[in-house]
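These notes concern the structure reproduced below.
The values are calculated or read from the model by the stated rules, or taken from the named source; none is laboratory data. Treat the numbers as computed from the prediction; the structure is a model and nothing was measured. Using ideal geometry, Cβ is built from the backbone for each residue, glycine included, and neighbour counts are taken over all protein chains shown.
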2 protein chains.
Amino acid sequence: MEKTKVAIVGLGTVGTGVARLLLDHGDRTARHAGRTLWLEKAVVRDLRRSRDCDLPAGVLTDRIEDVLEDPEIEVVAQLIGGLEPARTIMLALLESGKDVVTANKALLAEHGGELFDRARALGRCIAFEAAVAGGVPIITNISQCFSANQILGMQGILNGTSNFIVSQMDEQGWEYDQAVTEAQRRGFAEADPTMDVDGTDAAQKLAILAHLAFGARVHWSRIPRVGIDQLSTTDMRFAKELGYRIKLIAHARLVPAGLELSVAPTLIRIGIPLAEVRANYNAINVIGDAVGDVFFHGQGAGQMPTASAVVADMIDVAVGRTPITFRTLELWSQRESPVAMRPDDDLPGRYYMRFQVQDRPGVMAKITTVLGNWNISIASIIQHEPDRSELQDGTVPLVIMTHEAPEGAARQAVEQITQLDVVNPNAVRMRVMNDHMTS
Amino acid sequence: MEKTKVAIVGLGTVGTGVARLLLDHGDRTARHAGRTLWLEKAVVRDLRRSRDCDLPAGVLTDRIEDVLEDPEIEVVAQLIGGLEPARTIMLALLESGKDVVTANKALLAEHGGELFDRARALGRCIAFEAAVAGGVPIITNISQCFSANQILGMQGILNGTSNFIVSQMDEQGWEYDQAVTEAQRRGFAEADPTMDVDGTDAAQKLAILAHLAFGARVHWSRIPRVGIDQLSTTDMRFAKELGYRIKLIAHARLVPAGLELSVAPTLIRIGIPLAEVRANYNAINVIGDAVGDVFFHGQGAGQMPTASAVVADMIDVAVGRTPITFRTLELWSQRESPVAMRPDDDLPGRYYMRFQVQDRPGVMAKITTVLGNWNISIASIIQHEPDRSELQDGTVPLVIMTHEAPEGAARQAVEQITQLDVVNPNAVRMRVMNDHMTS
């Protein structure tokens with residue numbers, strides 16, 4: 001049987017999982033690739049650190065040159081996180097004639113153009129299924145299975161940490177801080193979870209998906225994003241009363257004027273599959289003009305789901321599928337982006353708004369007058385009789401669901417309302433997902 | 001730009017959709033394949049029949065020889081249903097040097113071995129994404145994306161007609177006949193829906209998926225199957241009372257002794273994604289030992305979703321991905337099947353049973369004694385106080401949910417119970433899906 005020599009750079013959690021699949025289950029790659037993927041080298045920084053897998057003698061090394069200088073190693077899983085030295089190592093691997101598999105979405109979101117151009121110039125390829133949604137094979141599905149479609153939109157839960165925290169808040173009634181502590185205790189959140197909870201991680205993944213689906217070359221930092229760190233269980237309770245759940249949604253939609261992209265806590269009607277995604281799962285709904293909507297749900301991270309995606313990529317590279325896909329799709333090439341990102345303020349949407357208001361006559365008239373001035377129509381209002389605990393700071397919650405209105409009008413109306421003397425300055429405003437997008 | 005000449009054989013609903021995607025949206029195939037798919041010929045039986053799409057002059061023909069004898073046509077979408085002349089035409093296409101894309105699952109389930117062997121011998125390939133679950137790209141996902149996994153099990157709703165009927169019965173409270181009439185009126189069921197409602201269609205698709213996932217070469221007719229045509233709303237109501245919905249489930253599971261395969265109405269706990277699949281949608285949950293469970297949901301049939309899958313296959317063939325996959329996977333080859341189908345009677349499962357019993361003393365003791373003799377343990381029982389309408393034939397429903405028991409014991413226990421003089425001979429017995437299979 002043919003043999004393809006491969007290497008792993010970075011033997012952390014995912015790297016160890018990849019090593020295990022290659023070493024313990026060589027029969028699978030033989031069956032699915034018609035060849036053996038032979039693990040020749042695994043490069044680590046510290047040789048003395050104990051590892052959770054038994055490597056054959058001579059495989060472990062702390063010298064990247066052992067990979068770069070071995071012309072027989074054809075495919076390398078580059079599993080170092082962060083931007084540097086990951087970028088430099090990736091370029092060195094390409095220069096030395098290796099095809100590269102990576103799970104590093106931050107690197108692609110930041111330096112995708114440079115890396116893909118260099119790979120093309122060198123006749124090499126880069127595979128990155130594991131970079132978005134871990135075990136859910138969304139990269140292959142969008143770039144291969146839906147190629148007869150114009151993708152019209154996508155909505156995804158792309159950050160498992162945030163979804164775990166939000167689900168705990170929803171199901172247990174916990175406040176944000178308590179849910180974060182539980183996520184950290186269960187290993188679903190880092191000691192510093194900032195990148196997960198502030199929407200950065202989801203925006204980086206969305207930038208990659210938007211590139212695949214729409215050819216849009218958008219830097220992730222240009223995607224408007226709101227995290228879950230300001231989310232309150234008060235709003236989750238009101239949302240449920242209105243028939244919705246709140247999820248951190250990465251949203252993309254093709255509209256006549258361009259492309260809408262955003263990451264934000266969003267209300268989704270209960271019963272729609274995305275609203276029912278629990279724990280640390282990921283899910284994506286893709287809408288194609290021919291195929292309709294297709295929904296994917298699975299483990300978005302974790303050792304073996306991510307390793308499953310990395311090894312599938314290594315097989316695809318070794319047998320020759322990825323080189324074809326990489327060549328035909330011209331990802332992150334200098335070709336002009338066919339869609340322009342639409343200016344935010346024109347984006348129409350429905351909104352959930354919560355104001356903390358003083359419980360006295362005339363307040364409702366003042367607020368609804370501002371909304372009327374901005375031409376924002378009200379779909380429903382909730383104001384309950386106050387209980388004592390809510391009245392502690394002298395205000396009660398007033399919740400308004402709007403009909404469709406431009407983002408700019410909604411934002412400015414909320415700003416004006418919070419300047420009223422009867423309204424607390426801390427208002428909440430969230431988008432409501434359009435049901436029509438998900439049939 | 002490079003050009004690949006293609007043809008369509010059979011211009012029915014799906015064929016017309018394929019022609020539209022190729023003719024109206026050539027830019028997509030150009031963007032995703034780096035080449036034009038040029039529709040050279042469309043072969044039909046009757047040239048005079050009016051068509052729902054405008055073909056350029058010279059494309060339409062009633063002579064298959066126009067395709068067979070044109071060496072420039074490389075890829076053919078063979079979209080004729082049934083076994084003959086579909087099989088003969090497919091062989092002729094392969095012999096004349098064409099790669100073939102098909103949506104005909106009955107043909108593959110019946111003659112897959114012959115057709116794939118012939119294609120291999122001729123150095124050609126066959127693509128069949130559209131044969132199972134239409135727009136849900138399950139073939140590519142199993143044969144490519146999960147290749148680092150041992151698939152442990154699958155549960156699918158693979159027949160949209162049945163799911164539409166069952167969903168209507170569940171949501172509207174309609175009996176089977178009324179739901180069938182509605183499905184026919186809405187175009188979701190044929191005038192003769194036998195193959196859909198008796199489980200044949202789902203068994204054919206399951207045979208194909210089982211071959212891909214487990215290497216099992218099982219003829220669909222050997223898969224035990226029960227349709228939905230005997231399903232009663234009485235059981236749907238009792239199931240809901242117990243916290244379950246009834247769906248027609250195609251089931252596969254790898255067990256130490258071999259492979260379980262079945263198609264049958266099955267109770268699924270409400271809230272599990274498969275239980276929430278509505279209307280004519282298809283869905284599949286795949287469990288891999290590395291990736292965990294991944295759930296897919298989308299349109300399983302219909303003109304454009306199926307055409308989307310066919311054109312994606314044509315692109316994959318034209319760019320060269322399918323030839324690689326076809327060569328490495330050795331589908332339906334003469335290699336021995338690595339798994340044996342397990343004899344039915346040993347399959348363990350949980351069961352829902354409904355007996356119509358006479359409302360008099362001692363009945364419960366007689367029934368539970370038989371279950372005890374077969375070593376079947378009872379998880380829950382429902383017997384409501386009878387209302388007058390239920391007593392018309394002098395019997396009342398008695399519903400029993402069992403703990404896990406072998407299929408053979410459950411079957412024989414029900415047979416013995418229905419021979420009791422206090423029990424109506426028409427009992428109902430259905431499997432309950434194991435929650436652990438779907439996390």
Does region A:93-106 include one or more residues that are at pLDDT 95 or above, farther than 30 Å from B:R28 by Cα, buried (at least 24 other Cβ atoms within 10 Å of the Cβ) and in contact with a His (Cβ under 9 Å, 6 or more places away or on another chain)?
no
Please find, among A:F164, A:F214, the residue that is touching a Lys or Arg at 6+ places or on another chain (Cβ under 9 Å) and aromatic (F, W, Y).
A:F164
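Rundown of residues vs (1) more than 19 Å from the chain's Cα centre (by Cα); (2) buried (at least 23 other Cβ atoms within 10 Å of the Cβ), yes/no style:
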| site | (1), (2) |
| --- | --- |
| B:R253 | no, no |
| B:R269 | yes, no |
| B:Y281 | no, yes |
| B:G298 | no, yes |
| B:A301 | no, no |
| B:T306 | no, yes |
Write out, first by first residue and then by second, each pair whose Cβ atoms fall under 8 Å of each other, whose residues are 6+ apart or on separate chains, and whose first residue, in region A:342-366, is farther than 17 Å from A:I381 by Cβ while the second is of a type in the set (K, R) and in a strand (DSSP E or B).
A:G349/A:R431
Whichever residue in region A:132-188 is closer than 25 Å to A:D313 by Cα, more than 14 Å from chain B (Cβ to nearest Cβ) and among the polar types (S, T, N, Q) and, among such residues, is farthest from the chain's Cα centre (by Cα):
A:T161
For region B:16-51, how many residues meet the condition of being in a loop (DSSP other than H, G, I, E, B) and within 11 Å of another protein chain (Cβ to nearest Cβ)?
2
Odd one out for B:M314, checked against (1) outside the structural domain of B:T194 (by TED's automatic domain parsing); (2) in contact with a His (Cβ under 7 Å, 6 or more places away or on another chain)
(2)
The strands (runs of 3 or more DSSP E) lying entirely within region A:214-304 that contain at least 1 residues which are in contact (Cβ under 8 Å) with a residue 12 or more places away in the chain, more than 9 Å from every other protein chain (Cβ to nearest Cβ) and over 13 Å from A:S162 (Cα atoms) are A:244-255, A:258-269, A:281-288
If a residue must be buried (at least 24 other Cβ atoms within 10 Å of the Cβ) and among the small types (G, A, S), how many such residues does region B:308-337 contain?
4
Unique match (being surrounded by 19 or more Cβ atoms within 10 Å (Cβ to Cβ), in the same structural domain as B:D99 (by TED's automatic domain parsing) and modelled with pLDDT under 95) among B:H25, B:H32
B:H32
In region B:1-11, what count of residues is obtained for those that are buried (at least 17 other Cβ atoms within 10 Å of the Cβ) and at negative phi?
7
Among (1) at pLDDT 95 or above; (2) surrounded by fewer than 14 Cβ atoms within 10 Å (Cβ to Cβ); (3) in a loop (DSSP other than H, G, I, E, B), B:D54 falls short only on (1)
Quick one: what pairs do we get from region B:381-393, first residue of a type in the set (S, T, N, Q), second modelled with pLDDT of 75 or more, C-beta under 8 Å, 6+ apart or different chains?
B:Q383/B:M364; B:Q383/B:V396; B:Q383/B:P397; B:Q383/B:L398; B:Q383/B:V399
Among the candidates B:G349, B:G362, residue that is modelled with pLDDT under 95, under 20 Å from B:P425 (Cβ atoms) and outside the structural domain of B:Y244 (by TED's automatic domain parsing):
B:G362
